[in-house]
Amino acid sequence: MKAKDIKGIIPPIQTSFTQDGEVNAQGIRNLIRFTLPYVHAYFPIGTYGVGPLMTLDDRKKALEIMLEEINGKVPVIAHVGCADTKSAIELAKHAKAAGAAAVASISPYYAPNLPEDMLFRYHADLIDAVQDDNFQYFLYNNPNYCQNKITPHLISRLAKYGMRGCKEASFDLVNFYQFKEAVEEYPDFSLIVGTEAIFVGAYDAGADGCVCGIGNIFPEVMRKMHDEYVSGDHAAALKTQEEILKIRKIIKQGPTISIMHAILELRGVDAGWPKRPYLPVSDELKAKIADDLKKLNLI
């Protein structure tokens, strides 16, 4: 599958756990079944999927369960980023063999402020390990979590090397435009925005898709905004964008992962437990979240 073929609403699907921290297969399946009717692809085992909190074996197990449940209905970009190159390559090879459509990686975390040549080599090694004509590698740009700056120059170098995708999650539209300019000579390069917060602006700038955390809890609202935009109803899409920002305000009242588990429970979806150090939210916060969502007619 080409990178440009992976478009639209792409939830960074959460991983479900048992109370004692084991991968919860049924919880994963429940969340896939809840979201699948509305989405175009998935981006698992990343920030929302708490990949860095999991062992390599658990990351592989969770991905296999997801791929089995999705059963080829939509493509999956498996996040394989790690603090070290060897582990990331191991996960990337596993994801390819397991049936993912592509892989993506954040830059090495816990190794901040690496020089460009070291960052280039990390991503190039992953490209060398798994990319071919039908399997693509995406760089996941999230400077907040990895403390490594991906510049337009580096994106251009990697595109010249063969990389054909990027999830841009800096929340900076100027940066998005600069990345787009950096790869403009590669029409098959896919640039995906990594947040629903600037969906309309990023789509105006030419985004191919949106990796949207809210796609876990209100996938139908994200699909509505997408369909409004692609049908040419820009005013309606902007109105839904405002609703999305109100939802984001609600989920930022505490740890996002924990709050999203609470919202799924409120929506009747048993998505298991968050993985420690995340804990379930208090009854008081859950009640406030429920009240806030009712005011928006969302539950």
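The values are calculated or read from the model by the stated rules, or taken from the named source; none is laboratory data. These figures come from a predicted structure and were not determined experimentally. All Cβ positions, even for glycine, are placed from backbone atoms using ideal geometry, and neighbour counts span all protein chains on display. Note: areas computed on protein heavy atoms with side chains; ligands, DNA, RNA excluded. Shrake-Rupley method; radii C 1.70, N 1.55, O 1.52, S 1.80 Å.
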- [ ] Return a whole-number percent for the relative contact order of the chain, with Cα pairs under 8 Å and 6 or more residues apart as the contact set.
- [x] 21
Task: Theoretical ellipticity at 222 nm over the chain - DSSP helices of four or more residues, -39500 (n - 2.57) apiece, nearest 500 - done: -14500 deg cm²/dmol
Task: Axial C-alpha extent at least 24 Å, average Kyte-Doolittle at least -0.5 - helices from the chain (DSSP) - done: 234-251
Task: Label-point separation in nm, K295 to E22, each point 7 Å along Cα→Cβ - done: 4.2
Open item on the list: With a cut-off of 8 Å between alpha carbons and a minimum separation of six or more residues, what is the relative contact order of region 97-234 in percent?
Closed with: 18
Open item on the list: Taking 8 Å as the Cα distance limit and 6 or more residues as the minimum spacing, I'd like the relative contact order of region 1-77 as a percentage.
Closed with: 37
- [ ] Residues in region 92-122, backbone N under 19 Å from the label point at K149 (7 Å along the Cα-to-beta-carbon vector): list them, ranges by number please.
- [x] 107-122
- [ ] Give me the number: length gained by fully extending K86 to D57, i.e. 0.36 nm times residue separation minus the C-alpha to C-alpha distance, one decimal in nm.
- [x] 9.0 nm
Open item on the list: What distance in nm lies between label points placed 7 Å from Cα along the C-beta direction at E69 and N113?
Closed with: 4.2
Open item on the list: Tell me the volume per residue, in Å³, of the convex hull enclosing the alpha carbons of region 1-79.
Closed with: 87
Task: Protein accessible area in the chain, 1.4 Å probe - carbon and sulfur % - done: 51
TODO: Work the Kirkwood hydrodynamic radius out for region 76-222: mean of 1/r over every pair of different alpha-carbon atoms, inverted, in Å.
DONE: 15.3
Task: Span from the region 1-70 Cα centroid across to the region 76-104 one, whole angstrom - done: 13
Task: Anisotropy class of region 174-299 from Cα gyration tensor, a/c 1.5 cut - done: prolate
Open item on the list: Rg/Rh for the chain to two decimals, with Rh computed the Kirkwood way over all alpha-carbon pairs.
Closed with: 0.95
TODO: Would you mind getting me the FRET efficiency between E242 and R121? Use the beta-carbon distance for r and R0 = 45 Å, nearest 0.05.
DONE: 0.60
TODO: Of the DSSP beta bridges with both residues in the chain, give the percent that are antiparallel, rounding to the nearest 5.
DONE: 10
